[in-house]
1. For every other residue with a beta carbon closer than 12 angstrom to the beta carbon of Gly54, add +1 if it is Lys or Arg and -1 if Asp or Glu, then tell me the sum.
2. Once the Cα atoms of helix 268-279 and of the chain are each reduced to a long axis, what angle between those two axes, in degrees from 0 to 90 to the nearest 10, is obtained?
3. Grab the other residues whose beta carbon is less than 10 angstrom from that of Asp83, score K and R as +1, D and E as -1, and report the net.
4. Once the piece of chain linking Val166 and Thr32 is laid out straight, how much longer is it, given 0.36 nm per residue of separation minus the C-alpha distance between them?
5. Starting from 0.36 nm per residue, how many nanometres of slack lie between Ala216 and Asp55 once their C-alpha separation is accounted for?
6. Give me the net charge of Thr100's neighbourhood, meaning all other residues with Cβ under 12 Å from the Cβ of Thr100; Lys, Arg count +1, Asp, Glu -1.
7. What distance in nm separates the two pseudo spin-label positions at Asp115 and Thr267, each 7 Å out from Cα along the beta-carbon direction?
8. Give me the mean projected area, in nm² to one decimal, of the convex hull enclosing the Cα positions of the stretch 243-284.
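Each value in this text was obtained by applying a stated rule to the coordinates, not by laboratory testing. Quick caveat, the model's predicted, so the values are computed rather than measured. Cβ coordinates were reconstructed from backbone atoms using ideal geometry, including for glycine residues, and neighbour counts include every protein chain displayed.
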Amino acid sequence: MNAPSQARSVERLVQGQATSDGAGVRLTRLLTQDLQRRLDPFLMLDAFGTDNPGDYIGGFPDHPHRGFETVTYMLQGRLRHKDSAGNEGVLAPGGVQWMTAGRGVIHSEMPEQQDGAMEGFQLWLNLPARDKMRAPWYRDISAAEVPEWRSEGVLVRVIAGFAHDVAGAVRREATEPLYLDVHLQPEARFEQALPASHNAFLYVYRGDMVLVGATAVRRQRMAILANTPGSDRVVVTAGAAGARLILVAGRPLGEPIAQHGPFVMNTRDELVQAVADFNAGRLA
Ligand code: FE2
């Protein structure tokens, strides 16, 4: 007899680490390198959010990537993206830039504003070994192009994967990423299907807290969800102030992870090759 299905619980709460990257952009690194194995296929999650232009104005001038994908989701502010493949676009509030670095790209991500708020997330999604050297690809997805699912007190923006019957803007076969921006009215409840084997986490960025099972997840906390055997979903309930959160999940690749800064490969030799290729101008 099958055990009755159950919902995921919270395994661990993570506060994130204040850091800076690019040309002095201040951010909070939520998914740090020590969590890469636990949260495979995700390699990094940064949250940025500030009203102070001094915290973001330097932006991220030209820098390389190889071996994975970057997913940038804007909540406030505008960023201009330019890359060595000739792509260029402006990321506006509610929009997403999905970039597959593959064998290599050099790009810049610069603020398209002198003042005002800048807020959003950058998530790094690993590529399977067989795709790490594929051709680079990217897509700008405007706010209007992000599909939405709604029910009583709940609005879900579906960046990747499925929320109920709504398919997201991007699909990936190897890792089946789920990336949802969930807006909950006070005390609203949202239930999302989630295979037990997929690694998953959520981050509350507005409101006071959400409940996941018996655990309160407060604003500016990331919750790593337990891979509870036999579970098939997660249930999130907002507190009295309502809440907004991102929910991210994916099928682990189970492959070796070798990282040197903006290069993420499977072996040290591949990293040495990536640095050599960058230094020889072969990533442009
Ligand atoms: Fe980048």
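1. Details: positive: Arg26; negative: Asp51, Asp55, Asp115.
In short, -2.
2. 50
3. Working: positive: Lys82; negative: Asp62, Glu88, Glu109.
Charge balance in the 10 Å sphere: -2.
4. Values: separation 134, 0.36 × 134 = 48.24 nm, distance 3.05 nm.
Length difference between fully extended and current span is 45.2 nm.
5. Working: separation 161, 0.36 × 161 = 57.96 nm, distance 3.02 nm.
Difference between extended and current length: 54.9 nm.
6. Working: positive: Arg66, Arg103, Lys132, Arg134, Arg139, Arg172; negative: Glu69, Asp83, Asp131.
Net local charge, Thr100 excluded: +3.
7. 5.5
8. On the way: hull surface 19.6 nm².
Spelled out: convex hull of the Cα atoms, projected over all directions, averaged, 4.9 nm².
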